[in-house]
Amino acid sequence: MSYKRLNEINLSNKSVLLRLDLNTPIENGLVANNERIVRSLPTLSYIIEAGARLIVMSHLGRPEENNSFQEEFSLSPVVKELESLLDKKIPLHSLDEFENLSHIPEISVIENTRFCIGEKTNDTDLSKRLASLADLVVMDAFATSHRAHASTTGVITFSSDACAGLLLDEELNALSKVKEESKNSVAILGGAKISTKLSLINSLSNYMDKVILGGGIANTLIAAKGYDVGKSLVEESMFSEAKELLDNPKIIIPNSVIVSDSPDKPGRVTSIDSIANNEAIFDVALESLNAIEPILMNAGTILWNGPLGFFEKENFDNGTIQIAKMIISSKGFSVVGGGDTISAAAKAGVLGKLDYVSTAGGAFLEFIEGRKLPAIEALKKKVN
């Protein structure tokens with residue numbers, strides 16, 4: 001993929017504006033999960049050690065764009081976490097304050113980019129203001145690269161120079177490998193609604209050898225096939241599209257499931273043609289898992305997004321946990337993305353054993369679907 005990379009640029013004595021995704025959960029004024037911050041450390045350290053003056057920017061949550069400070073969405077807790085991890089004092093400034101500084105410190109952070117009017121509309125004036133802050137813009141927030149915002153896309157367009165950070169490059173390499181390695185490639189997709197992933201399923205079926213479906217997505221296909229699924233979560237409005245997917249030999253749905261009349265009660269194993277009217281599908285059963293196992297064991301690449309059942313409930317987490325364990329037992333290169341999927345992998349105890357865990361959700365899905373991501377397209381234009 002053609003874009004400039006951080007390690008290709010001499011950073012000595014340069015000022016660098018670094019866009020990170022530091023959108024982390026905050027509880028009682030403290031960072032509750034620092035995974036995204038930790039994943040950004042290699043890029044942060046690289047720039048600092050190269051002798052550049054570093055300006056960090058990120059969004060946090062969904063504040064009102066009104067050019068005013070909103071404490072609930074301040075990056076202050078994130079900065080404290082960064083100070084602890086980097087063992088450095090890091091000042092936090094609003095954009096207005098930073099523009100009036102007489103000296104740029106070794107490292108500093110600009111307040112939540114979404115405080116600024118024009119951020120989400122990719123406003124030209126705001127983009128130019130941000131771009132003027134530094135000699136080089138480094139984009140390292142893959143999780144926001146699908147958004148055409150001022151701090152993700154416009155700033156690159158109007159920068160003197162721009163490149164991909166270490167994490168962004170790592171993400172794109174891992175996901176590109178899944179798309180390009182066509183031998184015995186398998187996608188596993190779960191989740192509640194087929195309507196949100198239909199175009200993704202169609203896209204994956206064009207370049208993956210098998211697409212295994214679970215959760216509410218599979219329920220809709222089972223119902224479209226003519227089976228009574230009781231009170232299972234389905235989208236009847238998507239039956240026509242579901243029937244088209246059923247005609248595709250690459251698509252795999254479970255034939256044995258775990259059902260119950262309540263998510264709070266233990267389930268029973270049944271075939272998809274024997275579901276009672278008062279029952280709902282909550283998980284994939286052993287027979288279906290056994291059918292999937294050899295496919296995963298022989299896979300060259302595995303892409304996983306979405307749990308295969310109601311994994312939050314202990315009675316119905318086995319299908320997702322067993323799939324996770326199969327993935328790490330396979331010799332195939334595995335890539336996982338999406339918040340629920342990462343939570344499921346953590347619950348299964350396999351998070352550190354997967355080949356690559358993406359920091360992104362929406363951008364992850366859009367990239368593997370084949371859509372162009374605005375920030376990446378902007379980086380490509382800075383090559384010449």
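Each value in this text was obtained by applying a stated rule to the coordinates, not by laboratory testing. All values derive from a computational prediction rather than experimental measurement. Backbone-built Cβ (ideal geometry, glycine too); neighbour counts: all protein chains shown.
Of note:
- Along its three principal directions, the equivalent ellipsoid of the range 80-141 from the Cα gyration tensor extends over semi-axes of 22, 14, 12 Å, largest first.
- Overall shape of the range 133-189 was characterised from the C-alpha gyration tensor. The equivalent ellipsoid obtained from it has semi-axes of 29, 12, 8 Å, in decreasing order.
- Remark: the residue 135-residue 173 segment gains 11.1 nm on full extension, using 0.36 nm per residue and subtracting the alpha carbon distance.
- Among residues other than residue 77 with Cβ under 14 Å from its Cβ, the summed charge is -4 (Lys and Arg +1, Asp and Glu -1).
- Bridges between two residues of the chain, per DSSP, are antiparallel at a rate of about 20%.
- log10 of Debye I(q)/I(0), alpha-carbon scatterers only, for the range 307-381 at 0.20 Å⁻¹: -0.86
- Values of log10 I(q)/I(0) for the chain across q = 0.10, 0.12, 0.14 Å⁻¹ run -0.70, -0.93, -1.13, by the Debye formula with one identical scatterer at each alpha carbon and no solvent.
- Considering helices alone, the calculated mean residue ellipticity of the chain at 222 nm is -10000 deg cm²/dmol, with DSSP H runs of length four and up weighted by -39500 (n - 2.57) and normalised per residue.
- Virtual spin-label span in nm between residue 239 and residue 64, 7 Å along Cα→Cβ: 4.6 nm
- Rounded Å value of the spacing that divides the Cα centres of the range 1-35 and the range 178-254: 36 Å
- FRET efficiency for residue 331 and residue 371, using Cβ-Cβ distance with R0 set to 30 Å, rounded to 0.05: 0.50
- Dimensionless Rg over Rh [the range 6-169; C-alpha; Kirkwood]: 0.92
- Spin-label pair residue 269-residue 106: with each label point 7 Å from Cα along the Cα-Cβ axis, the two points sit 6.1 nm from one another.
- Value of Rg to Rh for the range 181-368, rounded to two decimals, is 0.94; Kirkwood radius and Rg both from alpha-carbon coordinates.
- Among the trypsin sites (Lys or Arg not before Pro) in the range 114-213, those placed in a DSSP loop whose Cβ has at most 13 other Cβ atoms within 10 Å are 183.
- Backbone geometry of the range 275-289 corresponds, through the Karplus equation with coefficients 6.51, -1.76 and 1.60 at θ = phi - 60°, to 3J(HN,Hα) couplings of 9, 6, 4, 9, 10, 9, 7, 10, 6, 8, 8, 4, 4, 5, 5 Hz, x marking Gly and Pro.
- 3J(HN,Hα) couplings calculated from phi for the range 167-175 with the Karplus curve 6.51 cos²θ - 1.76 cosθ + 1.60 (θ = phi - 60°) are, in sequence order, 5, 4, 4, 4, 4, 5, 5, 5, 6 Hz; Gly and Pro show x.
- Choice from 194, 302, 26 showing the highest fluctuation, given a GNM over the chain with Cα pairs closer than 10 Å: 26
- Cβ-Cβ FRET estimate between residue 195 and residue 255, R0 fixed at 30 Å, reported to 0.05: 0.80
- Interchain or long-range residues, amide H under 5 Å from residue 187's placed H: 210, 211, 212, 303
- Protection proxy ranking of 345-354, 215-224 - average other beta-carbon atoms within 10 Å, highest first: 215-224, 345-354
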